[in-house]
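The values are calculated or read from the model by the stated rules, or taken from the named source; none is laboratory data. Just so you know, these numbers come straight off a predicted model, no measurement behind them. Because the Cβ atoms are built from the backbone with ideal geometry, glycine has one as well, and the counts that use them run over all protein chains shown.
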Amino acid sequence: MSSGNKKTKKSKNQSSKFIFWVIGLIAVCLVGIIFLSNTAKKEAIDYEGQPFLGEKSAPVKIVEFGDYKCPYCKNFNDTLLPNIEKDFIDTGKASFYFMNYSFINVDSTRSAKFAETVFKELGNEKFWKFHELLYEKQPDDTEAEQMDIYSESFLKDTLSEIVSEADVKKVDNAFKNDQSKEAWEKDMNAANKLSITSTPSIFINGVKFEGNTYDDFKKRVNEAAKEE
């Protein structure tokens, strides 16, 4: 065989090897892209000082960012939260946290700050009773668009259904002094950092839940429990 033929054959072998490695590299990159696109970003969320249900030591932390005037939040609270409590909170698998994203109107901010004041002054248990009562009393969609439905007097009257007059006065005084401002701003800053634009927005161990059904939700919680 001539030296020219040997050089041609060597060149073809080198070209084949080069193409093989390029194809391999492209394949690896594609796999990496697919993996990254399917791996949701885990966000750092500060749970300290937030109202919660369940045990803090539970392996899964579920967070709802909500607005007391949002009808979808009311539906979540009325229909899905009881199932979450039964399936995950009561079984010790998950704890559930509520954080404010008050975006609809001034009523949203007022009710959120008042609820934060209830939590600060009367504790976690009273907060959740008030929280549930606020959603029970949420007006229909047409009325909900109006402002000043969740007035200070409405909020105090609502609270008076579950606590004493002295406790209502205690909360009202703290509310008037804007003692819940810091806690509310902490929630709003967290929501903005997480690029939240609607409610309810749900995070499971720092990963935004993007599913559509309760079965999707259960699957994600169970996966999160195994990841810990």
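Which residues, counting only those in the stretch 109-145, are among the polar types (S, T, N, Q) and either free of Cβ contacts under 8 Å to residues at least 12 places away in the same chain or out of contact with any strand residue (DSSP E or B) (no Cβ under 8 Å at 6 or more places or on another chain) (or both)? Spell out how you get there, then give the answer.
Kept after step one, since they are among the polar types (S, T, N, Q), are these residues of the stretch 109-145: 109, 111, 117, 124, 138, 142.
Of everything in the stretch 109-145, those that are among the polar types (S, T, N, Q) and either free of Cβ contacts under 8 Å to residues at least 12 places away in the same chain or out of contact with any strand residue (DSSP E or B) (no Cβ under 8 Å at 6 or more places or on another chain) (or both) turn out to be Thr109, Ser111, Thr117, Gln138, Thr142.
In the set (1) part of a helix (DSSP H, G or I); (2) within 17 Å of the chain's Cα centre (by Cα); (3) buried (at least 20 other Cβ atoms within 10 Å of the Cβ); (4) of a type outside the set (Ser, Thr, Tyr), the condition left unmet by Met99 is number (1).
Is there a residue in the stretch 110-126 that is β-branched (Val, Ile, Thr) and modelled with pLDDT of 95 or more?
Restricting attention to the stretch 110-126, the residues satisfying the condition of being β-branched (Val, Ile, Thr) are 117-118.
Now restrict to residues that are modelled with pLDDT of 95 or more: 117-118.
Checked against the condition, which is being β-branched (Val, Ile, Thr) and modelled with pLDDT of 95 or more, the stretch 110-126 yields at least one hit.
Can you say whether Val221 is over 23 Å from Lys61 (Cα atoms), part of a helix (DSSP H, G or I) and touching a residue at least 24 places away in the same chain (Cβ under 8 Å), as far as the supplied structure shows? For Val221, the condition - over 23 Å from Lys61 (Cα atoms), part of a helix (DSSP H, G or I) and touching a residue at least 24 places away in the same chain (Cβ under 8 Å) - is not met.
Condition check for Asp148 on (1) buried (at least 17 other Cβ atoms within 10 Å of the Cβ); (2) more than 20 Å from the chain's Cα centre (by Cα); (3) touching a residue at least 40 places away in the same chain (Cβ under 8 Å): one failure, at (1).
Residues in the stretch 47-83 that are assigned to a helix (DSSP H, G or I) and either touching a helix residue (DSSP H, G or I) at 6+ places or on another chain (Cβ under 6 Å) or touching a residue at least 40 places away in the same chain (Cβ under 8 Å) (or both): Pro71, Tyr72, Cys73, Lys74, Phe76, Asn77, Asp78, Leu80, Asn83.
Going through (1) more than 25 Å from Gly54 (Cβ to Cβ); (2) touching a strand residue (DSSP E or B) at 6+ places or on another chain (Cβ under 7 Å) one by one, Pro200 falls short only on (1).
Only one of the listed residues (Ile162, Ile104) is surrounded by 15 or more Cβ atoms within 10 Å (Cβ to Cβ), farther than 29 Å from Ser195 by Cα and aliphatic (A, V, I, L, M). That residue is Ile162. Of the numbered conditions (1) under 30 Å from Glu121 (Cα atoms); (2) in contact (Cβ under 8 Å) with a residue 40 or more places away in the chain, Glu210 satisfies every one except a single condition; which is it? All conditions are met except number (1).
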